[in-house]
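Comments concern the structure below.
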Amino acid sequence: MAETLKVAVAGLGTVGAGVVSLLARQAGLIAQRSGRPILVTAVSARDRDRKRDCDIGSIAWFDDAVTMASQADCDVVVELIGGSEGTAKAVCEAALKAGRHVVTANKALIAIHGTELAKLAEEHGSALNFEAAVAGGIPIIKALREGLAGNQIESVQGILNGTCNYILSTMRDTGRAYAESDPTFDVEGIDAAHKLAILATLAFGRAVDFDGVYIEGISRIAAVDIDFAEELGFRVKLLGMASADSEGVMQRVHPVLVPANAPIARVEGVFNAVVTQADPVGTTVLEGRGAGAGPTASAVISDIMDIAAGRFGPTFGVPVANLLPSASHPIERREGAYYVRLRVIDKPGVIAGVTAALRDEHVSMESIIQRGRDPNEPVDVVLTLHETTEAAMKRALGRIEELSAVIEPPHVIRIER
């Protein structure tokens, strides 16, 4: 059997401790399947005395993770600190410059600095693996980089944040609104956007472009929207979607209505799912737990085992020099159907004003729902609209919002069939 692969782990939170523990507990199986033993030889974290679910008593301790990355007796550095800047970035840079391989679960780091880190890895003959960064329990990175390597990928979309999926599932099941104390990364779609930017690079061979992702979270989704969606035969999901044409890529994260019988509509709770359309394979659907200590640690160890077995190549499937320049289409180019909920004063002529605004922008109405009547009092009116462009939809909504009977900004959810 080949010589031992030595691993240093930066960050001993739930996932880091899980990686250390699993490598020890499954040592025989891992060695058999990767062709060589894998041993943790160094660790670093902020608090040496903190109680952890792993034994680090015989492992070299470094107070400074960056020093560990460049000086520890190791072949692979595992970065599990998190964040796109600061120590996490410095650890990866130091390790790659020292000729070490890097494994990370850090989606923000790869989404923002992935291209430059991939170039650094190439320059030093090292692997930069990040299966755990996107949908941890789903091997979507391997699927795009390896399993679908012979396909022309046309689109990729998915439920990429289990927290949002859990919130929307709970709202539908309970009928209650959801309040989140710190919603920024999950509820506002940023976490999903990090992951989508990575998937788009792998799918379409373009430089990572997080800034090109249109992002809209679920904070404005109300329980009444979920009820109306069910009545119309839809489910509300937060999806990340990317598609490419000869001119560039459209990347977007926002709530959508999907048909209730669609495979992705049935993915509930904390589960993630990713759907690809490719030529010649057609549609593929991968589903599983996207986060948590077990799935994330499993993905990290899979990456380490690939390195142990010598299975690694360019970070994004092609050399950095072959990545096409980023060229992102604006959301205004999106074409599709729409759900619109209006809060209006119930009086004659309201719908005529709304339909006139739609007509003037060549937007066609598919259906309308108004529950009950309450003359001269606020009521909800829900419209579904046939396919149109985002730009035309925005112009029509601007005109509708100016109507005196419309008392709140329109609530809009895009429909994806």
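Ordering CYS164, CYS54 by accessible area with a probe of 1.4 Å, largest first, what comes out? Display every interim value, and only then the final one.
Details: CYS164 0, CYS54 25 Å².
Descending order: CYS54, CYS164.
For a straight C-alpha distance cut-off of 16 angstrom, the aspartates and glutamates reachable from LYS89 (same-chain residues fewer than eight places away being disregarded) are ASP64, GLU79, GLU116.
Before anything else, pin down the relative contact order of segment 308-383: Cα pairs under 8 Å, at least 6 apart, normalised by residue count, whole percent.
Reported as a whole number, the value is 34 percent.
Amide H contacts of ASP75: LYS6, VAL7, ALA8, each under 5 Å away and 5 or more positions distant or on a separate chain (H built 1.01 Å from N in the peptide plane; Pro and chain starts excluded).
Here the contact order of the chain, divided by its residue count and restricted to Cα pairs under 8 Å and six or more residues apart, works out to 16 percent. Listed values for segment 24-41 are Karplus-derived 3J(HN,Hα) couplings in whole Hz (6.51 cos²θ - 1.76 cosθ + 1.60, θ = phi - 60°), namely 6, 5, 9, 4, x, 5, 5, 5, 5, 7, 9, x, 6, x, 10, 10, 7, 10, and x replaces Gly and Pro.
Here the Karplus relation 6.51 cos²θ - 1.76 cosθ + 1.60, evaluated at θ = phi - 60°, turns the backbone of segment 66-75 into coupling constants of 5, 4, 4, 4, 9, 10, 5, 7, 7, 9 Hz, with x for every Gly and Pro. Given (i) 69, 52, 41; (ii) 81, 46, 35; (iii) 63, 56, 40 as candidate values of Cα extents along the principal axes in Å, which corresponds to the one derived from the coordinates? Computed from the coordinates, Cα extents along the principal axes in Å corresponds to (ii). For a straight C-alpha distance cut-off of 16 angstrom, the lysines reachable from LYS142 (same-chain residues fewer than eight places away being disregarded) are LYS107, LYS195. Computed from the Cβ-Cβ distance with R0 of 45 Å, the FRET efficiency linking ALA352 to PHE185 stands at 0.55. Here the 3J(HN,Hα) profile of segment 142-157, calculated from phi with Karplus coefficients 6.51, -1.76 and 1.60 at θ = phi - 60°, is 4, 4, 6, 7, 10, x, 9, 4, x, 10, 8, 7, 9, 7, 9, 8 Hz, Gly and Pro shown as x. In plain terms, the chain from ASN261 to VAL224 could stretch by 11.3 nm, reckoned as 0.36 nm per residue minus the Cα-Cα distance. Computed over the chain with a Gaussian network model linking Cα atoms closer than 10 Å, the most mobile of ASP225, ASP279, ASP64 is ASP279.
Only lysines eight or more places from LYS394 in sequence, or on another chain, were considered; those with a Cα closer than 26 Å are LYS237, LYS347. Based on DSSP H segments of at least four residues, each scored -39500 (n - 2.57), the chain has a per-residue ellipticity at 222 nm of -10000 deg cm²/dmol. Using Cβ point charges alone (K and R +1, D and E -1), the dipole size of the chain about the Cα centre works out to roughly 660 debye. Backbone amide hydrogens, once placed in the peptide plane, bring VAL249 within less than 5 Å of ALA327, SER328, HIS329, excluding anything fewer than 5 places away on its chain.
How much accessible area per residue does the chain have, in Å², with a 1.4 Å probe? Please list the in-between numbers first.
Details: 17820 Å² over 417 residues.
With the other protein chains kept in place, the chain gives 43 Å² per residue.
The order of the peptides 186-193, 117-124 by mean Cβ neighbours within 10 Å, most packed first, is 186-193, 117-124.
The values are calculated or read from the model by the stated rules, or taken from the named source; none is laboratory data. Because the structure is predicted, anything quoted here is derived from the model rather than measured. Cβ: placed from backbone, ideal geometry, glycine included. Neighbour counts: every protein chain shown. For the accessible areas, the whole protein counts, side chains as well, though only heavy atoms, and no ligand, DNA or RNA atoms are used. Shrake-Rupley method; radii C 1.70, N 1.55, O 1.52, S 1.80 Å.
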